[in-house]
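Colleague: Following this message is one structure expressed as structure tokens.
The values are calculated or read from the model by the stated rules, or taken from the named source; none is laboratory data. No experiment lies behind these values; they were computed from the predicted model shown. All Cβ positions, even for glycine, are placed from backbone atoms using ideal geometry, and neighbour counts span all protein chains on display. Accessible surface areas use protein heavy atoms only, side chains included; no ligands, DNA or RNA. Shrake-Rupley method; radii C 1.70, N 1.55, O 1.52, S 1.80 Å.
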Amino acid sequence: MKLIPSAHELISNMGVFFQTNKSKRSYLNEEPLRAELFSSDQMERFGKVLAGTHKLNTKPALDHLLKRLAENEILLNEVRRLLTDSIKRKYQITPAGEWLLDNFYLIEEHIRNAKRHFPKNYSEDLPQLLNGASTGLPRIYDIVLEIISHSDGKIDIEILSGFVKAYQTVTNLKLGELWAIPIMLRLALIENIRRVSARIATDKVDKNLADYWADEMIKTAENDPKNLILIIADMARSNPPIVSAFVSELTRQLRG
């Protein structure tokens, strides 16, 4: 169904990244890097366990990380555009969205530094994983992802050092991997911010859409109540996302 012009404009301005496109769903729905929080002792024990599970790929490696960084940069810019547009339309944004806008200049700086300090094809020379969620990615990148996941993104140098030392009591890392830890941390933190931002964006799209339909219903109920059922039918035919963000925002607006 073709939406009435104002609704169609609203959805178009949200950008293709945040529409319910199946080809984008897995990328947008990736969970933030968050797992059970570990103490320093637990991190060291986990380092040994992780080393025992890693298996390396002996085939030539591909450089996926710079491509991923470019994709993350594009999506982060789309999120900023969406949030800025929402503010212009007088929609509320969450504290997380406000934080993202306030600190976006820092994110851009880290992306620039990552591009500058990570030579093209460098990761192809790093040992790649044969198994697990990070199959095909550098082993040291997976190590950094695990550290971030189990520390809630708060990097402590002593814990990081203890984790790496514990890992190497089982399997030695190459010198190039140790050198790459700072840049891998930057890439992984940008990845995590992108994952959190995608969640912010998809929720914002759903809430903006709920705000639109609630406003249409309220105006019609006040000015032309006999046509309220037509507005509800229009909303139903538009196939809105029946997710918690949309439903809760629509309910909140209608309750006043």
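Colleague: Relative to the longest principal Cα axis of the chain, at what angle does helix 157-168 sit, 0 to 90 degrees, rounded to 10?
Modeller: 60
Colleague: Tilt of helix 228-237 relative to the longest C-alpha principal axis of the chain, in degrees (0 to 90, nearest 10)?
Modeller: Helix 228-237 sits roughly 30 degrees off the main axis of the chain.
Colleague: Give the angle, between 0 and 90 degrees and rounded to the nearest 10, that separates the Cα long axis of helix 104-117 from the longest principal axis of the Cα atoms of the chain.
Modeller: Between helix and principal axis, roughly 40 degrees.
Colleague: Based on Cα positions only, what radius of gyration and what Dmax would you give for the chain, in angstroms?
Modeller: Reported Rg and Dmax, both Å: 22.6, 75.
Colleague: What GluC sites (Glu not before Pro) in the stretch 94-169 are in a loop by DSSP, with at most 10 other Cβ atoms within 10 Å of the Cβ?
Modeller: none
Colleague: Which percent of the accessible area of the chain is formed by carbon and sulfur heavy atoms (probe 1.4 angstrom)?
Modeller: Reported share for carbon and sulfur atoms: 55 percent.
Colleague: Then there is this: For the chain, what's the relative contact order in percent, using C-alpha pairs closer than 8 Å and at least 6 residues apart?
Modeller: Once normalised by length, the contact order is 32 percent.
Colleague: In nm, give the distance between the simple-model label positions of Leu230 and Leu101, each being 7 Å from the Cα along the Cα-to-Cβ direction.
Modeller: 3.5
Colleague: Same structure, new question: Please express the shape of the stretch 44-188 as an equivalent ellipsoid: the semi-axes are the square roots of 5 times the eigenvalues of the C-alpha gyration tensor, given largest first in whole angstrom.
Modeller: Semi-axes, largest first: 32, 18, 13 Å.
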